[in-house]
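J.: Before we start, here is the structure in question, set down as structure tokens.
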Amino acid sequence: MKLNEIFEKDITRPIDGVIKADDTTHLQVEVEEYVLTNETEKALSQLLEAYTSSTTDNGVWISGFFGSGKSHLLKMLAHLLGDVDGQEFRRDQVTASFAEKTEDHLLKGSLKKAASIPAKSILFNIDQLADVAGSDKTDAILKVFVKVFNIARGYYGLQPHVARFERDLDTKGLLQQFRATYQEIAGIPWEDGRDLDVLEEANVAKAFAQVTNATGASPENILEKYRDSYSVSVEEFAEEVVAWLDKQPSGSRLNFFVDEVGQFIGGDTKLMLNLQTIAESLNSKAKGRSWILVTSQEAMDKVIGDPTKTLAMDFSKIQARFATKVALTSADVEEVIRKRLLEKNAAGSAGLAAVYSSQSGHFKTIFDFVGGRTYPNYSSEDRFVETYPFVNYQFPLFQSALVGLSENNAFTGRHQAVGERSMLGVVQQVAKEMVGAEIGELASFDRLFSGIRDTVQSLAKRAIDIAEDRLPDQDSDVTKLAVRLLKALFLVKYVKDFKATARNLAVLVYDRFGLDPSALNKNVKDALALLEAQTYIQRNGDVYEYLTNEEQEIEAKIKQADLDSSEIGRRLFDLLSQDVVKSNKFTYKSGQNYAFGYKIDESTHGPQQLLTVHFLTPEYAHDLTTIRAHSTGLDEVRVVLPDADAGLFADLRLLLKTEKYVKQAANASSTPVQQRILAAKSQQNFDRKRELVERFKTAVGKATLIVYAADVTSKSEAADQHVFDGLAALIAKAFPQLNTLGGKIFTESDITKFVQPADQGLVTVDSTLTEAAKDVYNVGVSMKVKTGQSVTVKTIVDQFEGKPYGWDRTSILAVIAYLFGDSQITIEHNGNLLKRSEVPGLLKNSQQLTNLKVGIQKTFDDAKVTAFRKFVQDFFDEAATPAAPLELARFGADKLKTQVEKLREARAAYPYPFMATLDPAIALLESVVGKADEWYLTDFDQEDELRETKDDVLDPILAFLSGQQRTIYDKVAKFLADADDNLTFLPKGAADDLRARLGDLNVFRSNKITQLQSAADSLREQIDSVVKDEQVKSADSIEQRRIQLQQTAEFLEAPEVAQARALDRVDAVIQGIWAEQRIAKLQLGATNFQTVTFPSLIAELASARPVTVGGAASPEPGTEPVGTDDGPPAPPAKPTVHISKINVGGKFVLASDADVDEYVDELRAALHAAVAEGKRVTR
């Protein structure tokens, strides 16, 4: 049975795949063949419910991708909801036809109710009618609405000012009369004359004058004046719509049906705002009597490119004005195609049922895709019959293909896609091409290309055009299949969720039941290889991609890029080390880490180690047998990669070539298209690398492992574990002495612990440690020392890290620490034997291992060692001493050196006379300091003399210096120094005993410090007694003067304040006397009070005494005479002097009565002279 015999309707009948809004000639066919899908039926029911009941909503937004049938639905709605000018298939007939398409009684009722509402429908494609050539697009949508409204009213649509002229005439009822009058005057119909616009001004003026009965001259330039004054606003347009509706029968509506409004708006914010304003104005003014129904792409961001967030928000505001929304999906498209085009007759259904019965078991294998998005298969026999010769996956995949091609400007014209070729049209074209095919043949996916070929830009499909003519061996099946695959790859090029592998591409070109899938897969791979070789396509791993003309040029340049073997080797090393094995260390079962290096086909890469992982690629020159033989004696795991993935290394080269070309091209000028392609190449290379990593992991996981000419079995196919299994086998064979450690791994904390002697209980010694220590001592130390070789920690580490031991460094250092702690070896650093405390830090410092010299511990006379240990313990009061002889010697030597330094410091620091006693002791100690460590264990014999010195000199002096005795001595010495002034007032020799005791060279011995303290206390008592007597004498003298002061006229006549101040001064002087401890100061204090302080007090009291000036009392002036307005100023104050300050002549020695009389006369004369001079004299 032929395919043309299975369809219910003639598959070749004329079906316009693109619904045109202004075409009414095929309306009946379009209505009758319209398929009311389940989803569309629901949407229509909701729409009609809103339309027939709402009085405020006035917007419907119909969305759907290319070819989803939104334009067809919009046209049906226009004829269902109103009368359309020029329609031959009446509105009631459209309603009746739709009522027959549904079983839903509610929908039937809504259709009837909608039909009862009188309405006029204005249906148009806004993209066709808009004039957006100018830069100002602010009111572009409004102008289209005004245009179609003018046309619907019978006015001129091309020139709005002419339409305004017609409207004004119509409003006055003169339009028809004007038309007739104009034709009489001009000789042509008005419809032709208005096209000429201002050229017909004269005839227009005459006709206008006649119909308006104008007198006088005819008006001039009427149309020009209308044109110059013409303006339009959204509000005015809405008011005109309302005015027109008010003239229609009650309940009438005027509805606008706008196709592809979203596509027209794109990202233009001004157009968005224009549409939004029109919808709002009609809604507010017409009150539900004027609806706007529009269509748009479902995802506007994919139509307009990459909108900013602001644009997306603006667009959503527009959609918010449309309360009713209808969304059409690919399921609607498929249902329409099945019911309208692919419906089968009885014979066809029966024949296809038989095909289904025999083939359905293979459908999953034949039509299911591997990887990427899941696409639908035939779900049942009914679906198979309804869809045949197409497959269910083709509809959503083809729709995605069209969207992708449109987004990437593959179609001609502005936003072309299925706008020119609907999916229905494409499917019918393919079905027409297959009318002569037998049942069992399928419409493979590549056939769909023919349905859009004419609308694809020539550059985009250039590769297909060339391939059809230039591929080699044009008549061969492989070449023919290659062309088909190229078409399929073109279609899915921009379908992001489709994985174009050879397996999935075989599904796309499967064109008849009964094909051998294996043979088809092989042919597909051969055809793809041909296309790749000719640079029509590119392969990224197992995914293929169609190349556009520009992409082909870049791909060809990539393939021509030069690579050398070192670049490939370096990248392969990076992949293997960083992404596949991902390590250069392996942890053995014991927990020990082993570093390893890398080699690839005999070339080293990265740092090399004792162990090596050697990868051998399929490009290596030798076979497996030779590879095994060559591995003998080599400390490496040979990882022989299988040759199963033939394109693996070709893809690795492509990765490198692409990187190199993209990097070079980035520095050169390029077009935006080339930049986009380069960016895509970079992304593809990123994906290619990720895919290569997985392929190399697979290859390594299946590689043959060879160690010492023998194959190694691994149970794991995980790449890293597979290699590690080989390393484990290599380690077991390369390091037979590894078991000496008993599977233990020592840590750095063990190093610190093991340097301590075992007898201290910090180290638990087991056979493992002792056996390992024997090997290190015998092989690493003893044998070499005996043969005169220099042994360092580094040489031991290197030896035992290598074959046949393979120990880890930390464990080796721990064993060395144990040997040191057990006093079997010595360690020197820069010529100095190390103490236990110094060893751990240096062993842990890898930079110092070369500087640590290892020797065998010497043996010494036990008696000598014991004697020196006893000396150290006694002399330094140290109970704990090192067990090892040399450590003991070092310990004692350090203690002696420290003691000498301590004594030297004390000798210099303390000036005590007895410190000279230390000099012999220091000299004795110096004689035993600075010797070689061994000297203390062989030649040291001063222990008795040192013990005697310690007991007789060192301990007493050090006890004195560190105890209370030194404090007492220092206080006594200070007391004697402070009392030096007072000693002259004591009997001669009063302090001699104390001075003698301070200078005693044995003052630190016995109870001499106590005796010193007693002597000091006795002297202090003597001094205190004399001081007390002098204090009493001075205080009494001053008290007598206080009494005398209070009896003077100056005191008695002075104000109380001055009296109190004078007495306070006397008290202060007396307090100073009682506080003073120096006898000389006490004596001087009483004299000074009599001769200086007392006269000054008299003077101060006198100056404070009131005086009479001009009959009034006034304070006595101080140093300045003070006058008043009533008399002369007061006299100046008299100076006051002590009588001892009066200079008296005569003899200094009075020896007779005459001498006395003479002196008295002289004194009297001197006193009279002082008084005469205005002085006061105190005595």
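The values are calculated or read from the model by the stated rules, or taken from the named source; none is laboratory data. Fair warning: this is a prediction, and the values are worked out from it, not measured in the lab. We place every Cβ from the backbone using ideal geometry, glycine too, and count neighbours over all the protein chains shown.
J.: Just for the stretch 109-131: of the residues that are of a type outside the set (A, V, I, L, M, F, W, C) and crowded, with 17+ Cβ neighbours inside 10 Å, which one is farthest from Asn38 (Cα to Cα)? Steps first, answer last, please.
T.: To start, the set of residues in the stretch 109-131 that are of a type outside the set (A, V, I, L, M, F, W, C) comprises 109-110, 112-113, 116, 118, 120-121, 125, 127-128, 131.
After this cut, where a residue has to be crowded, with 17+ Cβ neighbours inside 10 Å as well, the list is 110, 120-121, 125, 127.
Details: Ser110: 16, Lys120: 28, Ser121: 26, Asn125: 27, Asp127: 30 Å.
Going through the qualifying residues, I end up with Asp127.
J.: Turning to a different aspect of this structure: Name every residue in the stretch 703-724 that is out of contact with any Leu (no Cβ under 7 Å at 6 or more places or on another chain) and either charged (D, E, K, R) or outside the structural domain of Gly597 (by TED's automatic domain parsing) (or both), in order of residue number.
T.: Lys715, Glu717, Asp720
J.: OK, next. Mind listing whichever residues of the stretch 1155-1172 are of a type outside the set (D, E, K, R) and either within 24 Å of Pro1135 (Cα to Cα) or outside the structural domain of Val1144 (by TED's automatic domain parsing) (or both)?
T.: Correct list: Val1160, Leu1163, Ala1165, Ala1166, Leu1167, His1168, Ala1169, Ala1170, Val1171, Ala1172.
J.: In this structure, is Thr770 of a type in the set (Val, Ile, Thr), at pLDDT below 95 and not assigned by TED's automatic domain parsing to the domain that holds Phe596? So that I can check it myself, show each step before the final result.
T.: On the way: of a type in the set (Val, Ile, Thr): yes; at pLDDT below 95: yes; not assigned by TED's automatic domain parsing to the domain that holds Phe596: yes.
Taking the combined requirement at face value, the residue satisfies it.
J.: Which numbered condition in (1) of a type in the set (A, V, I, L, M, F, W, C); (2) touching a helix residue (DSSP H, G or I) at 6+ places or on another chain (Cβ under 9 Å); (3) touching a residue at least 60 places away in the same chain (Cβ under 8 Å) is the only one that Met76 fails?
T.: The failed condition is (3).
J.: Exactly one of (1) in the same structural domain as Leu1012 (by TED's automatic domain parsing); (2) modelled with pLDDT of 90 or more is unmet by Gly989. Its number?
T.: Condition (2) is where Gly989 drops out.
J.: Still on this structure, please answer the following. Hey, does the stretch 527-540 have a residue that's farther than 22 Å from Phe390 by Cα, touching a Gly at 6+ places or on another chain (Cβ under 8 Å) and assigned by TED's automatic domain parsing to the domain that holds Gly404?
T.: Step one: list which residues in the stretch 527-540 are farther than 22 Å from Phe390 by Cα, which gives 527-540.
Applying the additional criterion that residues be touching a Gly at 6+ places or on another chain (Cβ under 8 Å) yields 539.
Applying the additional criterion that residues be assigned by TED's automatic domain parsing to the domain that holds Gly404 yields 539.
The answer is yes, given that some residue of the stretch 527-540 is farther than 22 Å from Phe390 by Cα, touching a Gly at 6+ places or on another chain (Cβ under 8 Å) and assigned by TED's automatic domain parsing to the domain that holds Gly404.
J.: I need every pair where a residue in the stretch 859-877 that is at pLDDT 90 or above has its Cβ under 9 Å from the Cβ of a residue that is aliphatic (A, V, I, L, M) and not in a helix (DSSP H, G or I), sequence separation at least 6 or different chains.
T.: So the pair list comes out as Gln873/Ala879; Gln873/Ala880.
J.: Give me the pairs: first residue in the stretch 430-443 and at pLDDT 95 or above, second residue among the acidic types (Asp, Glu) and part of a loop (DSSP other than H, G, I, E, B), beta-carbon distance under 6 Å, and six or more apart or on different chains, which are they?
T.: Leu442/Asp511
J.: Return the residues of the stretch 436-450 that are more than 50 Å from the chain's Cα centre (by Cα) and not hydrophobic (A, V, I, L, M, F, W, C); say none if nothing qualifies.
T.: Within the stretch 436-450, the subset more than 50 Å from the chain's Cα centre (by Cα) is 436-443, 450.
Answer for the stretch 436-450, where residues must be more than 50 Å from the chain's Cα centre (by Cα) and not hydrophobic (A, V, I, L, M, F, W, C): Gly436, Glu438, Gly440, Glu441, Ser450.
J.: Shifting gears a bit: Quickly run through the stretch 979-1008 and pick out the residues that are in contact with a Lys or Arg (Cβ under 9 Å, 6 or more places away or on another chain), surrounded by 14 or more Cβ atoms within 10 Å (Cβ to Cβ) and not acidic (Asp, Glu). Even if it seems obvious, please write down each step before you answer.
T.: Residues of the stretch 979-1008 in contact with a Lys or Arg (Cβ under 9 Å, 6 or more places away or on another chain): 979, 981-982, 997, 1000, 1002-1004, 1008.
Then drop every residue that is not surrounded by 14 or more Cβ atoms within 10 Å (Cβ to Cβ), which leaves 979, 982, 997, 1000, 1003-1004, 1008.
Across the stretch 979-1008, the qualifying residues are Ala979, Asn982, Arg997, Val1003, Phe1004, Lys1008.
J.: If you take the residues in the stretch 617-658 that are over 19 Å from Gly726 (Cβ atoms), within 41 Å of the chain's Cα centre (by Cα) and among the hydrophobic types (A, V, I, L, M, F, W, C), which one is surrounded by the fewest Cβ atoms within 10 Å (Cβ to Cβ)?
T.: Ala646
J.: Kindly indicate the residue of the stretch 42-59 that is touching a Phe, Trp or Tyr at 6+ places or on another chain (Cβ under 9 Å) and farther than 17 Å from Glu103 by Cβ and also modelled with the highest pLDDT among those meeting that condition. It would help to see each step written out before you state the result.
T.: The first filter runs over the stretch 42-59 and keeps only residues touching a Phe, Trp or Tyr at 6+ places or on another chain (Cβ under 9 Å), leaving 44, 51, 57-59.
The next check asks that each one be farther than 17 Å from Glu103 by Cβ; those that pass are 51, 57-59.
Numbers: Tyr51: 92, Asp57: 78, Asn58: 87, Gly59: 89.
It comes out as Tyr51.
J.: Residue check, Val613 against (1) farther than 30 Å from Ala460 by Cα; (2) in a helix (DSSP H, G or I); (3) of a type in the set (A, V, I, L, M, F, W, C), all met but one. Which one?
T.: (2)
J.: Given the conditions (1) of a type in the set (A, V, I, L, M); (2) within 37 Å of the chain's Cα centre (by Cα); (3) modelled with pLDDT under 95, and given that Ala500 satisfies all but one, which numbered condition is not satisfied?
T.: Looking at each condition in turn, Ala500 falls short on (3).
J.: Quick check: is even one residue across the stretch 536-546 under 28 Å from Val673 (Cβ atoms), surrounded by 15 or more Cβ atoms within 10 Å (Cβ to Cβ) and in contact with a Ser or Thr (Cβ under 7 Å, 6 or more places away or on another chain)?
T.: To start, the set of residues in the stretch 536-546 that are under 28 Å from Val673 (Cβ atoms) comprises 536-546.
Within this subset, residues satisfying the condition of being surrounded by 15 or more Cβ atoms within 10 Å (Cβ to Cβ) are 536-546.
Remaining after also requiring in contact with a Ser or Thr (Cβ under 7 Å, 6 or more places away or on another chain): 542-543.
Yes, because at least one residue in the stretch 536-546 is under 28 Å from Val673 (Cβ atoms), surrounded by 15 or more Cβ atoms within 10 Å (Cβ to Cβ) and in contact with a Ser or Thr (Cβ under 7 Å, 6 or more places away or on another chain).
J.: Quick one: would you say Leu813 is touching a helix residue (DSSP H, G or I) at 6+ places or on another chain (Cβ under 9 Å), closer than 30 Å to Thr612 by Cβ, outside any loop (DSSP other than H, G, I, E, B) and in contact (Cβ under 8 Å) with a residue 12 or more places away in the chain? Can you show your working first?
T.: Working: touching a helix residue (DSSP H, G or I) at 6+ places or on another chain (Cβ under 9 Å): yes; closer than 30 Å to Thr612 by Cβ: yes; outside any loop (DSSP other than H, G, I, E, B): yes; in contact (Cβ under 8 Å) with a residue 12 or more places away in the chain: yes.
Yes.
J.: Kindly provide the set of residues from the stretch 504-525 that are surrounded by fewer than 17 Cβ atoms within 10 Å (Cβ to Cβ) and not polar (S, T, N, Q), ordered by number. Working first, answer last.
T.: Residues of the stretch 504-525 that are surrounded by fewer than 17 Cβ atoms within 10 Å (Cβ to Cβ), as a first pass: 512-519, 521-522, 525.
Those that are surrounded by fewer than 17 Cβ atoms within 10 Å (Cβ to Cβ) and not polar (S, T, N, Q): Arg512, Phe513, Gly514, Leu515, Asp516, Pro517, Ala519, Lys522, Lys525.
J.: Continuing with this model, one more query. For the stretch 189-218, which positions are more than 21 Å from Ala152 (Cα to Cα) and assigned to a loop (DSSP other than H, G, I, E, B)?
T.: Within the stretch 189-218, Asn213, Ala214, Thr215, Gly216, Ala217, Ser218 qualify.
J.: With the condition kept exactly as written, say whether any residue in the stretch 597-616 is surrounded by fewer than 21 Cβ atoms within 10 Å (Cβ to Cβ), among the β-branched types (Val, Ile, Thr) and over 38 Å from the mean Cα position of the chain (by Cα).
T.: no
J.: Name the residues in the stretch 626-650 that are in contact with a helix residue (DSSP H, G or I) (Cβ under 6 Å, 6 or more places away or on another chain) and assigned to a helix (DSSP H, G or I), would you?
T.: If the condition is that a residue be in contact with a helix residue (DSSP H, G or I) (Cβ under 6 Å, 6 or more places away or on another chain) and assigned to a helix (DSSP H, G or I), then Leu648 is the only one that fits.
J.: Let me ask something else. Only one residue in Ala527, Ala519 is of a type in the set (Gly, Ala, Ser), in a helix (DSSP H, G or I) and in contact (Cβ under 8 Å) with a residue 40 or more places away in the chain. Which one?
T.: On the way: Ala519 fails: in contact (Cβ under 8 Å) with a residue 40 or more places away in the chain.
Every option except Ala527 fails the conditions.
J.: Considering only the stretch 882-936, how many residues are closer than 22 Å to Gly999 by Cα, among the hydroxyl-bearing types (Ser, Thr, Tyr) and part of a helix (DSSP H, G or I)?
T.: Result for the stretch 882-936: 1.
J.: Check whether at least one residue in the stretch 179-188 is over 23 Å from Ile278 (Cβ atoms), free of Cβ contacts under 8 Å to residues at least 12 places away in the same chain and outside any helix (DSSP H, G or I), and report yes or no.
T.: Within the stretch 179-188 (the criterion being over 23 Å from Ile278 (Cβ atoms), free of Cβ contacts under 8 Å to residues at least 12 places away in the same chain and outside any helix (DSSP H, G or I)), the answer is yes, since at least one residue qualifies.
J.: Is there a residue being in a helix (DSSP H, G or I), free of Cβ contacts under 8 Å to residues at least 40 places away in the same chain and farther than 17 Å from Glu550 by Cβ anywhere in the stretch 668-682?
T.: So far as the stretch 668-682 goes, no, none of its residues is in a helix (DSSP H, G or I), free of Cβ contacts under 8 Å to residues at least 40 places away in the same chain and farther than 17 Å from Glu550 by Cβ.
J.: Do you know which residues across the stretch 689-704 are crowded, with 22+ Cβ neighbours inside 10 Å and either touching a Gly at 6+ places or on another chain (Cβ under 6 Å) or at pLDDT below 95 (or both)?
T.: Result: Leu692, single match.
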